[in-house]
1. I need the Kirkwood Rh of the range 102-166: take the reciprocal of the average 1/r across all distinct C-alpha pairs and report it in angstrom.
2. Could you check the simple spin-label distance between L254 and K157, using points 7 Å along Cα→Cβ, in nm with one decimal?
3. Counting Lys +1, Arg +1, Asp -1, Glu -1, what net charge surrounds K44 among other residues with beta carbon under 15 Å of its beta carbon?
4. Using a 1.4 Å probe and ignoring any ligands, DNA or RNA, find the accessible area of C151 and quote it in Å² to the nearest 10.
5. Could you please state, rounded to a whole Å, how far the C-alpha centre of the range 1-77 is from the C-alpha centre of the range 95-126?
6. Modelled label-to-label distance, D271 and D101, 7 Å Cα→beta-carbon offset: nm?
7. At q = 0.07 Å⁻¹, what is the log10 ratio I(q)/I(0) for the chain, with the Debye formula run over Cα points and no solvent?
8. For the full complex of protein chains and a 1.4 angstrom probe, list H253, H53 by accessible area with the highest value first.
Amino acid sequence: MKTEIGTDLLYAAALLRRGELVGMPTETVYGLAGNALDSDTVLKIYATKGRPHFNPLIVHLQDISKMSKYAEVPVFAQTLAERFWPGPLTLVLPKKKIIPDIVTGGGDTVALRVPAHSLAHELLSLIDFPLAAPSANPAGYISPVTAEHVCEQLGGKIAYILDGGTCSVGIESTVVTFVQDELVVLRAGGVTLEDLKSVAGSVKLHTQATGQLASPGLLKSHYAPKTRLILGDLANLIEEHQSRKLAVLALSHLPQNAAIVASEILSPAGDLTQAAHNLFAAMRRLDAVDAELILAERMPEHSFGVAINDRLERAAAL
Ligand code: TXA
Ligand code: MG
């Protein structure tokens with residue numbers, strides 16, 4: 001199959017109506033989108049991504065008014081949706097029957113989100129079904145933040161990638177659920193814990209894949225470059241591994257005299273929002289330089305630093 005990249009919304013909508021998959025830009029990362037109400041299409045998403053069926057998909061809606069069609073909506077969820085949608089927040093809610101079991105990995109909850117990207121919004125307005133869309137990368141690899149990234153990995157497997165430029169947020173949505181009215185974060189992401197706390201009061205982080213609350217997708221190893229990645233204090237890591245061919249991922253500056261083959265600074269000003277925006281493209285570039293090791297700096301544990309560290313830890317997991 002030949003993969004085209006373009007901005008033809010009508011063509012993309014026509015493909016989706018025919019049960020085909022389309023690469024879709026969102027403000028977080030690109031998604032691999034298909035009709036969420038059609039089981040055969042959803043099976044195609046899992047197959048194209050090489051993703052196990054037990055790891056459920058996020059269902060993307062055009063706007064907040066569609067939420068109650070697909071899930072039970074407690075007051076708390078409504079409040080969060082009104083505050084953060086369209087935007088990088090995914091709500092895990094009790095699903096309604098209309099959502100096929102294959103979308104939710106057989107579970108009785110469904111993940112919903114309204115993306116904040118004009119092309120995604122326009123695409124959703126042209127069709128009368130919601131879009132199931134995992135990040136458009138092969139399972140386990142770094143998520144794509146440009147149409148070209150999608151094409152590098154999924155080219156030949158899908159007909160069309162809608163080109164919406166570089167994703168503004170650059171890191172996936174924050175996934176939350178509710179347990180006895182308590183807000184539980186299953187995946188740190190584009191809405192910070194500080195933002196959530198400002199609305200919900202207290203927030204519990206539960207991002208390890210253990211216990212009954214586990215988000216099935218929180219596999220320990222994920223987002224991983226092919227080159228081995230180690231996370232920690234850069235100066236120490238460089239000293240420890242100085243005999244190796246090193247690539248380095250830093251927040252704002254490199255340690256002096258570092259003998260390295262390639263480096264990426266995520267934000268010269270040390271701005272964590274900018275660092276999140278640049279993270280995945282930087283990881284891809286470092287993965288392409290043929291280094292023996294990628295050494296990554298641990299970010300400060302606040303704001304977007306929490307989500308960046310989460311991705312880097314999973315990228316470092318063996
Ligand atoms: O920003 C994003 O969320 C992007 C864009 C395309 O919207 N999508 C994305 O999808 O990151 P994916 O499939 O790569 O990650 C979805 C995460 C997985 O960790 C999955 O396990 C979790 O959401 N998830 C989905 N449905 C769930 C459910 N019913 N219960 C718990 N976790 C769920
Ligand atoms: Mg993903």
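1. Values: mean 1/r = 0.0732 Å⁻¹.
This gives a value of 13.7 Å.
2. My value for the distance between the label points is 3.4 nm.
3. On the way: positive: R17, R18, K49, R51, K157; negative: E20, D38, D40.
Net of charged neighbours comes to +2.
4. 40 Å²
5. Rounded to whole Å, the Cα centres lie 7 Å apart.
6. Between D271 and D101, the simple spin-label model gives 4.9 nm.
7. The Debye formula, applied to the Cα set alone, gives -0.26.
8. H253, H53
The values are calculated or read from the model by the stated rules, or taken from the named source; none is laboratory data. Computed from a predicted model, the values in this text were never measured in an experiment. Positions of Cβ are backbone-derived with ideal geometry, glycine not excepted, and every protein chain shown enters the neighbour counts. Heads up: the accessible areas ignore ligands, DNA and RNA and are worked out on the full protein's heavy atoms, side chains in. Shrake-Rupley method; radii C 1.70, N 1.55, O 1.52, S 1.80 Å.
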